[in-house]
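**Q** Have a look at the structure that comes next, please.
The values are calculated or read from the model by the stated rules, or taken from the named source; none is laboratory data. Please read these numbers as outputs of a predicted model, since none were measured by experiment. For neighbour counting, all protein chains shown are included, and Cβ atoms are generated from backbone atoms with ideal geometry for every residue, glycine included. Calculation scope for accessible area: heavy atoms of the full protein, side chains included, ligands and nucleic acids excluded. Shrake-Rupley method; radii C 1.70, N 1.55, O 1.52, S 1.80 Å.
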Amino acid sequence: MTLNLDELVADFAVGIKSADARRPQAVNVRSKKPFQPGVGPHSEAETVELVMTELAALKPSTYAGKFALGVPYPEASRQKCDLCFGRPGSWELAVEVKMLRILGDNGKANDNILMHIFSPYPAHRSALTDCSKLASTRLAPRRGVLIYAWEVQSDQRDG
């Protein structure tokens, strides 16, 4: 299996649209109230799982049974790589995935999004620190960071 990174990015976009069209509904952990339907309110990990489930169904020869979520890094088993392709023990591609959520479910700006992407501090688990983890791992010979976002509809902006 040699997954082209351009193909993965294009497929991931298709997978987000496909998953969103199913209108999955996340629930607030504290209040137990449902959020608006769609992938937007789901956590990053939930969204990646929803997208990869869609891709395995849409393109089984490329994705079905050929990926794993939450794979431990060999250098630090408490840290997990979001998405690996290939087979356990001989992963071909390790991908850290980051969500760039501009607005929350309430329609208000997500004020900490830049920290989530650019923070140099490992405790923030940003895309930048993911680059450092990937650069120093032997998890897979090919590695990448995939940052995803989506267009906000005008009715979501109005809250």
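**Q** Pull out the extension gain between residue 132 and residue 36, defined as 0.36 nm times the separation in residues minus the alpha carbon to alpha carbon distance; nm, one decimal.
**A** Details: separation 96, 0.36 × 96 = 34.56 nm, distance 3.48 nm.
Once the chain is fully extended between residue 132 and residue 36, it gains 31.1 nm.
**Q** Related question: Return the single residue from 68, 13, 109 with maximal mean-square fluctuation; model: Gaussian network over the chain, springs between Cα atoms under 10 Å.
**A** Sorting by GNM fluctuation, first place goes to 109.
**Q** Once amide H atoms are built 1.01 Å from N in the peptide plane, which residues 5 or more positions from residue 81, or in another chain, come under 5 Å H to H?
**A** 71, 73
**Q** Below 8 Å, C-alpha to C-alpha, sequence gap of six or more: please give me the relative contact order for the chain in percent.
**A** 18 percent
**Q** Once neighbouring chains are kept in place and the probe is 1.4 Å, which whole percent of the accessible area of region 3-75 is contributed by carbon and sulfur?
**A** Details: 2340 of 4140 Å².
Carbon and sulfur: 57 percent of the exposed surface of region 3-75.
**Q** Another question about this same structure. Which of 120, 34, 72 moves most in a GNM of the chain, Cα contacts under 10 Å?
**A** Residue with maximal mean-square fluctuation among 120, 34, 72: 34.
**Q** In square nanometres, what is the average projected area of the Cα convex hull of the chain? List each step's numbers first, then the result.
**A** Values: hull surface 39.5 nm².
Projected over every direction and averaged, the Cα hull of the chain covers 9.9 nm².
**Q** How far is helix 44-58 tilted, in degrees, relative to the longest principal axis of the Cα atoms in the chain, given as a value from 0 to 90 rounded to the nearest 10?
**A** Roughly 70 degrees between the two axes.
**Q** If each DSSP helix of 4+ residues adds -39,500 (n - 2.57) and the sum is divided by the residues in the chain, what number results at 222 nm, nearest 500 deg cm²/dmol? Mind showing how you got there, number by number?
**A** Numbers: 6 runs with 56 residues, N = 159.
After summing the helix terms and dividing by the residues of the chain, the value is -10000 deg cm²/dmol.
**Q** Just to be sure I understand: with springs between alpha-carbon atoms less than 10 Å apart, which residue in 58, 93, 139 has the highest mean-square fluctuation in the Gaussian network model of the chain?
**A** 58
**Q** Using the Kirkwood radius over C-alpha pairs as Rh, can you work out the diffusion coefficient of region 65-116 via Stokes-Einstein at 37 °C, viscosity 0.692 mPa s, in µm² per second? Could you put the intermediate results ahead of the total?
**A** Working: Rh = 13.0 Å.
For these conditions, the coefficient is 253 µm²/s.
**Q** Ordered by residue, what ³J(HN,Hα) values in Hz, to whole numbers, does region 111-120 give under the Karplus form 6.51 cos²θ - 1.76 cosθ + 1.60, where θ = phi - 60° and Gly and Pro are x?
**A** Rounded to whole hertz, the list is 5, 9, 5, 5, 4, 5, 9, 10, 4, x.
**Q** Could you state the number of Å between the C-alpha centres of region 1-67 and region 120-145?
**A** If you average the Cα positions of each part, the centres end up 22 Å apart.
**Q** Moving to a separate point now. What list of ³J(HN,Hα) couplings, whole Hz, do you get for region 37-42 from phi and the Karplus terms 6.51, -1.76, 1.60, once you set θ to phi - 60° and write x for glycine and proline?
**A** Taking θ as phi minus 60°, the curve returns x, x, 6, x, x, 6 Hz for region 37-42.
**Q** With r defined as the distance between the Cβ atoms of residue 17 and residue 119 and R0 fixed at 35 Å, what FRET efficiency is calculated, to the nearest 0.05?
**A** Numbers: r = 29 Å, r/R0 = 0.83.
E between residue 17 and residue 119, to the nearest 0.05, is 0.75.
**Q** If you don't mind, there's one more thing I want to ask. With a probe of 1.4 Å, find how much accessible area the chain has per residue, and write the answer as a whole number in Å². Please report the intermediate quantities before stating the final value.
**A** Numbers: 9570 Å² over 159 residues.
I get 60 Å² per residue for the chain.
**Q** Probe radius 1.4 Å, ligands and nucleic acids left out: which of 116, 42 has the largest accessible area, and how do the rest follow? All intermediate terms of the calculation are to be shown ahead of the outcome.
**A** Details: 116 55, 42 15 Å².
Most to least solvent-accessible, the answer reads 116, 42.
**Q** Here is a further query. Dipole of region 28-159 (Lys/Arg Cβ +1, Asp/Glu Cβ -1, origin at the Cα centre): which of 48, 129, 88 lies farthest to the positive side?
**A** 88
**Q** Ok, one more. If you take the square roots of the eigenvalues of the alpha-carbon gyration tensor of region 9-78 and sort them as a ≥ b ≥ c, do you get rounded (a/c under 1.5), prolate (a/b over b/c) or oblate? Don't jump to the answer; show the numbers that get you there.
**A** Details: a/c = 2.78, a/b = 1.19, b/c = 2.34.
In terms of gyration-tensor shape, oblate.
**Q** A follow-up question, please. Spelling out what I want: for every residue of region 18-35, take phi, set θ = phi - 60°, compute 6.51 cos²θ - 1.76 cosθ + 1.60 (Karplus), and round to whole Hz; glycine and proline get x.
**A** Computed from phi, the couplings for region 18-35 are 5, 5, 4, 5, 7, 6, x, 10, 7, 10, 4, 4, 7, 8, 6, 7, x, 7 Hz.
**Q** How much accessible surface area, in Å² rounded to 10, belongs to the heavy atoms of residue 147 with a 1.4 Å probe?
**A** For residue 147, solvent-accessible area is about 80 Å².
**Q** Which of the lysines could a cross-linker bridge to residue 80, judged by Cα under 25 Å and excluding same-chain residues fewer than eight apart?
**A** Within the straight-line cut-off, residue 80 pairs with 66, 98, 133.
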